[in-house]
Amino acid sequence: MKTIIELNINDEVFEMVIEPRTTLLEVLREHLAFTGTKEACGTGECGACTVLIEGKPKLACLTLAAECANTRITTIEGLVHDGQLTPVQQAFLEKGAVQCGFCTPAMVLTATALLEENPNPTEYDIKKALEGNLCRCTGYNKIMEAIREAAKSGESARNRK
Amino acid sequence: MRLPKFQLLQPKSVEEAADLLTKHEKSTRIMAGGTDILPRMKYGLESPEFVVGLSNLPVRKPRDSDGTLVLDALMTLSDVAQNEIIQKNALVLAEAAHAVGSYQIRNMGTLGGNLCQETRCSYYNQSHGYQFVEPCFKRNGDQCYFIPKGKKCWAILMSDIAPALFSLGASVEVVSNGRLDRTPIDRIYTKDPLHPIDLSKRQLLVAITVPRKSGLCGSAFAKFTVRGGLEFAAINIAVVLQVKEDGLTCSNARISVGAIAAAPIRLEKVESMLAGQKLSRDLFNDAGLMAADEITPIPHHGFSMSYLKVCLRSIARDALALAYSRIACH
């Protein structure tokens, strides 16, 4: 049975028609064309569908849209402000951490959340935070370099001044 | 991958949730974080008519009740891993929570949900729509693919939290018929892979209680995996060690091994061997060898029994040494 729900995505409120079975991933990609969030496995084993909910990385493929009322959702589309990339995004570009790019939105969001929670992560902290984000192209080395670089920048990972 | 159709019920209180479970007992499943049940529904392994989603229930902060730590079952695994009270008084539980899944899964999955997770098997946890396959015991069929001529199910409880709670001597608080009952954690597991936890459809797990340990105590959790992350354990172990005032003689050891049966297993022989002994690295080595002899790990997910025994020898030795090194007098 369809119901109407208000979802706050990237600081914009959308009124959506959903069923209980509708996942947040479906709403983002199919209903709202926020296609930066990807579906790869659909079962929680790859991390490609990562979004931030109240700033915390979560899997949109396993989140029911119906349970997202009154929460603030951030997708990769919501990171860029006035055309300016965030330090994490800039570092990914500079370090060559993007090949096919499929894992990248999720990697960037997870790394952003990590650096907000822990601005000086150890190697272990970075690996632990990114363990749920798989990449088939890069072998992870450049991604790690990019995150270390972004951490060094010292600015809040999300915003440029 | 799409979910099947279902009706979502979203109670705002434990009482409302318990009422809904009683009312819709027949085809209802509970959903906390959703990381266990939703993949199974996507694979077509479960299709409940009603899903009772608990995300609107209030989550109480950890509190002390007469020396017992009471933890809300809906605490996320991230919150359990990072909570200072838990780190100070039940470090093995914080470590176990930190070992689960991934950053995302830890932000969604809950303490209670991890305990109530379904048992797993590589032949069961996959989609079955692409070829004609006779259902196994766990799919209400009459055969097993893991043991082809087997007469029973061999699915495994992969929980990291369960062995930690076994070693802590924890209990669970369950609401049923308006009553709140507290049961020791080892009595809530049935050891039956088809029905691993002794909770009826009408019951709701609401809290986990951990008794305070008196005296000098150290604990550690270890999880052996192939990739090092985003993995269920090949085998895991939770150790809680108590020593006498000399800081050297073991007064009590509780060691639980998980991911190798339908419920965690206590290493009672190793525990007895350690009690009263002066602890040392050599002794932990012996304990590891003894552990591998004491239990018969059920092979699973591609790991053979002999491989699991070899893993157990080292994680038992190392977890004991780590738990000992954490005892406050050092």
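The values are calculated or read from the model by the stated rules, or taken from the named source; none is laboratory data. Small disclaimer: the values here were computed from a predicted structure and weren't measured. Every residue, glycine as well, gets a Cβ built from its backbone with ideal geometry; the counts of neighbours run over all protein chains shown.
Observations
- Residue match in the stretch A:93-100 (condition: outside any helix (DSSP H, G or I), surrounded by 24 or more Cβ atoms within 10 Å (Cβ to Cβ) and within 14 Å of chain B (Cβ to nearest Cβ)): no
- Flag for A:Glu6 being more than 14 Å from every other protein chain (Cβ to nearest Cβ) and either in contact with a Gly (Cβ under 6 Å, 6 or more places away or on another chain) or modelled with pLDDT of 95 or more (or both): yes
The rows are residues; the columns are (1) polar (S, T, N, Q); (2) outside the structural domain of A:Cys135 (by TED's automatic domain parsing); (3) closer than 19 Å to B:Gly53 by Cβ.
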site: A:Glu19; (1), (2), (3): no, yes, yes
site: A:Leu28; (1), (2), (3): no, yes, no
site: A:Gly47; (1), (2), (3): no, yes, no
site: A:Val98; (1), (2), (3): no, no, no
site: A:Thr110; (1), (2), (3): yes, no, no
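- Any hit, the stretch B:162-181, residues being at negative phi, surrounded by 13 or more Cβ atoms within 10 Å (Cβ to Cβ) and touching a Cys at 6+ places or on another chain (Cβ under 8 Å): no
- Test: B:Val257 is in contact (Cβ under 8 Å) with a residue 24 or more places away in the chain and under 21 Å from the mean Cα position of the chain (by Cα): yes
- Criterion violated by A:Pro121 - all others in (1) without any contact (Cβ under 8 Å) to a residue 60 or more places away in the chain; (2) part of a helix (DSSP H, G or I) satisfied: (2)
- The set of residues in the stretch A:134-143 being more than 8 Å from chain B (Cβ to nearest Cβ) and in contact (Cβ under 8 Å) with a residue 24 or more places away in the chain consists of A:Cys135, A:Arg136, A:Cys137, A:Thr138, A:Lys142, A:Ile143.
- Qualifying residue in the stretch B:229-243 (condition: closer than 30 Å to A:Lys127 by Cα and of a type in the set (S, T, N, Q)): yes
- The residue pairs whose first member lies in the stretch B:226-241 and is free of Cβ contacts under 8 Å to residues at least 12 places away in the same chain, whose second member is in a loop (DSSP other than H, G, I, E, B) and surrounded by 19 or more Cβ atoms within 10 Å (Cβ to Cβ), and whose beta carbons are closer than 8 Å, counting only pairs six or more residues apart or on different chains, are B:Val226/B:Ala234; B:Gly228/A:Glu131.
- Selection from the stretch A:9-48 of residues that are in contact with a Phe, Trp or Tyr (Cβ under 8 Å, 6 or more places away or on another chain) and part of a strand (DSSP E or B): A:Ile9
- Test for B:Ser78: is it within 12 Å of chain A (Cβ to nearest Cβ) and crowded, with 21+ Cβ neighbours inside 10 Å: yes
- No other residue among A:Ala91, A:Ala40 is more than 22 Å from A:Glu149 (Cα to Cα) and more than 10 Å from the chain's Cα centre (by Cα) apart from A:Ala40.
- Number of the condition not met by B:Glu15 [criteria: (1) within 15 Å of B:Gly113 (Cβ to Cβ); (2) surrounded by fewer than 17 Cβ atoms within 10 Å (Cβ to Cβ)]: (1)
- Filter pass, B:Lys88 being more than 11 Å from every other protein chain (Cβ to nearest Cβ), free of Cβ contacts under 8 Å to residues at least 40 places away in the same chain and under 17 Å from B:Ile208 (Cβ atoms): yes
- Qualifying residue in the stretch A:59-79 (condition: under 27 Å from A:Gly139 (Cα atoms), in a loop (DSSP other than H, G, I, E, B) and among the aliphatic types (A, V, I, L, M)): yes
- Matching strands (runs of 3 or more DSSP E) fully within the stretch B:36-139 where at least 3 residues are more than 24 Å from A:Leu130 (Cβ to Cβ) and not basic (Lys, Arg): B:50-53, B:68-72
- From the options B:Asp181, B:Asp192, B:Asp186, residue that is over 21 Å from B:Leu57 (Cβ atoms) and either outside any loop (DSSP other than H, G, I, E, B) or in contact with a Ser or Thr (Cβ under 8 Å, 6 or more places away or on another chain) (or both): B:Asp186
- Among residues of the stretch B:106-122 being more than 19 Å from B:Arg29 (Cβ to Cβ) and over 15 Å from the mean Cα position of the chain (by Cα), the one that is surrounded by the most Cβ atoms within 10 Å (Cβ to Cβ) is B:Asn107.
- Whichever residue in the stretch A:59-82 is at the interface with chain B (Cβ under 9 Å from one of its Cβ atoms) and farther than 17 Å from B:Leu54 by Cα and, among such residues, is farthest from the chain's Cα centre (by Cα): A:Cys61
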